[in-house]
Amino acid sequence: MATQDGQHSPGFSSFRGDKKAIARLPSNDSADSDALRLAALGYDQSMERKFSVLSLLGVGFSLTNSWFGLSSALVTGINSGGTALVIYGVILVACVSSCVAISLSELASAMPSAGGQCYWAHEFASKKYKNLASYFVGWFSWAGSIFTSASVALGLGLAVVGCYQLSHPDYVINTYHVFAAYQCINAVAAIFNCYGKFLPRIATTFLYISLISFATILITASLSFIPSVTAAHQPASFVFATFINNTGYSQNGLAFIVGLIGTNWPFACLDSATHLAEEVPRPERNIPIAICGTVAIGFTTAWFFAVAMFFSLYGSIEDLTNTPTSTPILALFASALTGRRGQIAGAIVLESMILTTGMGCMIASHTWQSRLVWSFARDGGVPGHKYLSHIDRQLDVPLRAHLVSCGLVAVVGCLYLGSYTAFNSMVTACIVLLYLSYAVPVGCLVFHYGRSNLKHGPFWLGKIGLFANIVLLAWTLFTLVMYSFPYTMPVTAGNMNYVSVVYAVVTFIVVVDWFARGRKAYGMKEMERDERRASLGDVVR
């Protein structure tokens, strides 16, 4: 175990179960206190607590990075509601995400474990079903993280080839070009996550890069409001009151709901900070700061970004949806710079800032998914769990879990070669699967365990927290149903929403593994953890 000054003290495993040895530890040593708190949950301290609250916020915001996510998913909102959908959809989803953040923060403050929602589901579910509930949550979380990384890599891959197409108008984008860019981006992000001691600096750096890029793009876009600088800009009525329904649905309300996927994706993955609970000091306080800070910064940047971009548009919405670059935000940059020297070069520079920010998102996504599967593997949750639960002591990362997860992201990318529609369904799946993984422990807490029975941490909002729990559960049910609707009408094999198939495949894999291996291995690990906690008694509580 490492103290905050980098020196190593004996790991908790060296005095596991020895109450007298535990009692002799200095009570003012925050590193030892964190290890004891973790021991009370049934786990040993495996990695150094190297993340500060700022670098933890860097990971959380770099992954969620709402303004970057909005730029990547812009076309979905435009086709399903125009500018009004994006502007007001961001507000709606940010409100829901605030409730998600409150719910996760309360649980992370009470039980800060790298297992996150997987651990909480086990603690709050009934004795009969706690292993099964935790098992499904762990798999849904891991699948959601894989699909998230895949969707980020695809967005960046499209942006890379889009920049080349913008500077070479005769170039026609082919699927395999995007696929090659996808795989390169995945590999580069994987390398960054192989060195644990650098991750806090990387996370902090990309936090600053994201905010600086956001400010630069916002200022550049704002210059287009000046008549002497560019030909024209859009009026407020266009930005705040333009509704476009290109979905084929006769009801605008249904089109709006389908389009919310585009504004929901930038606010996904709010659990990322919880899976670093064992790598940050005082996680019961710092994790809620990171989660809630992510939503606050995310909403502020995403909303102002959307407003500035739509004001700066020179031309029509159709110019964005039909752009040969396949990247609407790149076409919007070029549009905003109409009439100025270096229009194409300027648009590529602005898009490069988004690409750099997106790489930070990709790196953070790998950090998140590696911790998620590692923590799940140490409880016996996945095949090869003994192999995947290993920590590389020199690199201070779960290297095996990380490389396997990155390999799965690479494999998932191959689906893009066969069907973009099927691949796009996984983007929706990453949103809903993660919501389901949050809803299970929160539902068990509210309806079975009881909020009043929870020994809460310093972050606790009482009735406000209960309201946030109810909103999270209601929104999960809403997305499970409504996000399964086809994106456009009439439905064909080429435009069908196959997210229900993704749910079925993931569930089938989980059920098969549960009966073939999981229920025995997972049950044994849970027994070992419970015995360890019982042996420590009240000393660490």
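The values are calculated or read from the model by the stated rules, or taken from the named source; none is laboratory data. Model, not experiment: these values are computed from the prediction. FYI the Cβ positions are ideal-geometry reconstructions off the backbone, even for glycines, and counts take in every protein chain you see. To get the accessible areas, we keep the full protein, side chains included, count just its heavy atoms, and leave off ligands, DNA and RNA. Shrake-Rupley method; radii C 1.70, N 1.55, O 1.52, S 1.80 Å.
The table below gives the values:
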| item | result |
| --- | --- |
| Residue list for the stretch 468-491, given a label point 7 angstrom along the Cα-to-Cβ vector of residue 92 and an amide N cut-off under 20 Å | 468-489 |
| Computed Rg/Rh of the stretch 74-218, alpha carbon atoms with Kirkwood Rh | 1.04 |
| Mean Cβ neighbour count within 10 Å, used as a protection proxy, ranking 362-372, 243-253, 317-327 highest first | 362-372, 317-327, 243-253 |
| Sequence of 446, 172, 96 from largest to smallest accessible area, 1.4 Å probe | 172, 446, 96 |
| Accessible surface of the stretch 55-518, 1.4 Å probe, proportion on carbon and sulfur as whole % | 69 percent |
| Alpha-carbon centroids, the stretch 117-161 and the stretch 285-315: separation in whole Å | 24 Å |
| Estimated FRET transfer efficiency when R0 is 30 angstrom, pair residue 341-residue 164 (beta carbons, to 0.05) | 0.90 |
| Solvent-accessible heavy-atom area per residue, rounded to whole Å², over the chain at 1.4 Å | 38 Å² |
| Tally of Lys pairs whose C-alpha atoms are under 23 Å apart, taken over the chain, 8 or more apart or cross-chain | 16 |
| The stretch 283-386: C-alpha pair distances exceeding 25 Å, % | 45 percent |
| Zero-based 20 Å bins, Cα pair distances in the chain, whole percents | 23, 55, 20, 2 |
| Length gained when the stretch residue 243-residue 512 is fully extended (0.36 nm per residue, less Cα-Cα span) | 92.3 nm |
| Cβ-Cβ FRET estimate between residue 129 and residue 252, R0 fixed at 35 Å, reported to 0.05 | 0.25 |
| Residue 470-residue 215 FRET efficiency (beta carbon distance; Förster radius 45 Å; 0.05 resolution) | 0.75 |
| Phi to ³J(HN,Hα) by Karplus 6.51 cos²θ - 1.76 cosθ + 1.60 over the stretch 100-117, Hz, x for Gly, Pro | 4, 4, 4, 4, 5, 5, 4, 6, 5, 6, 7, 9, x, 9, 4, x, x, 4 |
| Built amide H within the under 5 Å cut-off of residue 491, gap 5+ | none |
| Extension gain, residue 448 back to residue 195 (0.36 nm per residue minus Cα-Cα distance, nm) | 86.9 nm |
| Hz values of 3J(HN,Hα) by residue in the stretch 46-61 - Karplus curve (6.51, -1.76, 1.60), Gly and Pro given as x | 9, 10, 5, 8, 9, 8, 8, 5, 5, 5, 5, 4, x, 5, x, 6 |
| Mean ellipticity per residue at 222 nm, deg cm²/dmol - from DSSP H runs of n ≥ 4 across the chain, formula -39500 (n - 2.57) | -21500 deg cm²/dmol |
| Alpha-carbon centroids, the stretch 62-106 and the stretch 328-383: separation in whole Å | 16 Å |
| Simple spin-label estimate for residue 505 and residue 393 in nanometres, 7 Å along Cα-Cβ | 4.0 nm |
| Simple Cβ-charge dipole of the chain, Lys/Arg +1 and Asp/Glu -1, about Cα centre, in debye nearest 20 | 1120 debye |
| Order by protection proxy (mean Cβ within 10 Å, highest first), peptides 453-466, 113-126, 409-422, 183-196 | 113-126, 183-196, 409-422, 453-466 |
| Whole-Hz ³J(HN,Hα) from phi, Karplus 6.51 cos²θ - 1.76 cosθ + 1.60, for the stretch 140-151, glycine and proline x | 4, 5, 5, 4, x, 5, 5, 5, 5, 4, 5, 5 |
